[in-house]
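Okay, so here's the structure we're looking at.
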Amino acid sequence: PRVKAGLAGALLHKGDPLGAIPLFDEAERAGAAAGSIAADRGLAYDLVGDNETAQKYYRLALARGTDPDI
């Protein structure tokens with residue numbers, strides 16, 4: 001799960017949120033904690049225009065602690 005999550009994060013930060021989203025899904029199915037990838041996953045959904053799903057992941061990320069970026 002860490003490799004999938006890492007690849008997803010790398011794609012996201014290289015400007016490919018569409019490529020990152022399925023990898024975030026695969027990382028979670030492989031056992032990654034949803035909260036640990038929630039901030040980047042939310043950003044990916046935000047960048048593709050799915051703000052409702054993005055907000056779901058941002059709330060999950062914020063539940064883990066405060067983060068001024070989120």
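So here's what we get for this one:
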| read-out | value |
| --- | --- |
| Potential lengthening between Leu47 and Arg2 on full extension [0.36 nm per residue; Cα-Cα distance subtracted] | 14.0 nm |
| Low-density loop positions, chymotrypsin sites (Phe, Trp or Tyr not before Pro), the chain - DSSP coil, at most 10 other Cβ in 10 Å | none |
| Descending semi-axes in Å of the chain, equivalent ellipsoid built from Cα gyration tensor | 17, 15, 10 |
| Å² of accessible area per residue within the chain, as computed with a 1.4 Å probe and no ligands counted | 61 Å² |
| Paramagnetic label zone (point 7 Å from Cα along Cα-to-C-beta, Asp16; backbone N under 17 Å) in the stretch 29-65 | 41, 44-45, 47-48 |
| Cα gyration tensor, the stretch 26-66 - rounded (a/c under 1.5), prolate or oblate | oblate |
| Alpha-carbon centroid distance for the pair the stretch 4-23 / the stretch 25-66, whole angstrom | 12 Å |
| Top of Gly49, Gly35, Gly19 by mean-square fluctuation, Gaussian network on the chain, Cα under 10 Å | Gly49 |
| Solvent-accessible area, 1.4 Å probe, carbon plus sulfur percent, for the chain | 53 percent |
| Stretch in the chain that is longest and holds no trypsin sites (Lys or Arg not before Pro) that DSSP places in a loop and that have at most 16 other beta carbons within 10 Å | 15-63 |
| Neighbourhood charge, 15 Å Cβ-Cβ cut-off, centred on Arg41 and excluding it, Lys, Arg +1 and Asp, Glu -1 | -4 |
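The values are calculated or read from the model by the stated rules, or taken from the named source; none is laboratory data. Bear in mind the structure is a predicted one, so any value in this text is a computation, not a measurement. As a convention, Cβ positions derive from the backbone with ideal geometry for all residues, glycine included, and neighbour counts pool all protein chains shown. Protein only, heavy atoms only, side chains kept; ligands, DNA and RNA dropped before computing areas. Shrake-Rupley method; radii C 1.70, N 1.55, O 1.52, S 1.80 Å.
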